[in-house]
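The values are calculated or read from the model by the stated rules, or taken from the named source; none is laboratory data. This one's a predicted model, so the numbers in the text were calculated from it and none came from an experiment. Methodologically, a virtual Cβ is constructed for each residue, glycine included, from the backbone with ideal geometry; neighbour enumeration extends over all protein chains shown.
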Amino acid sequence: MTGPVPTETSGVMRSALASTFAEHIGRPLHVTSVALFVEPERGAPFTVRSLLPLGSDTQRKIA
């Protein structure tokens, strides 16, 4: 999804997302890294450009 949800479909989208993520809404989420994805050209598959670990060096675990 690369743009805003049209107003006329936002209610349906909100309901679908709330149903899909119900067990996670309102609960803490532990995030250890952030990924930057790129789409080389319109319609091409997204690929990971970089994966950035979060936290201090002592908290990071490299597999």
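Which pairs have Cβ atoms under 8 Å, sit 6 or more apart or on different chains, and link a residue in the stretch 3-23 that is over 26 Å from Arg42 (Cα atoms) to one that is assigned to a loop (DSSP other than H, G, I, E, B) and at pLDDT below 95?
Correct list of pairs: Ala18/Ile25.
Please work out which residue is farthest from Gly3 (Cα to Cα), limiting yourself to the stretch 34-63 and to residues that are at pLDDT 95 or above and hydroxyl-bearing (Ser, Thr, Tyr).
Ser50
Filter the stretch 1-20 down to residues that are surrounded by 10 or more Cβ atoms within 10 Å (Cβ to Cβ) and part of a loop (DSSP other than H, G, I, E, B), then give me how many there are.
1
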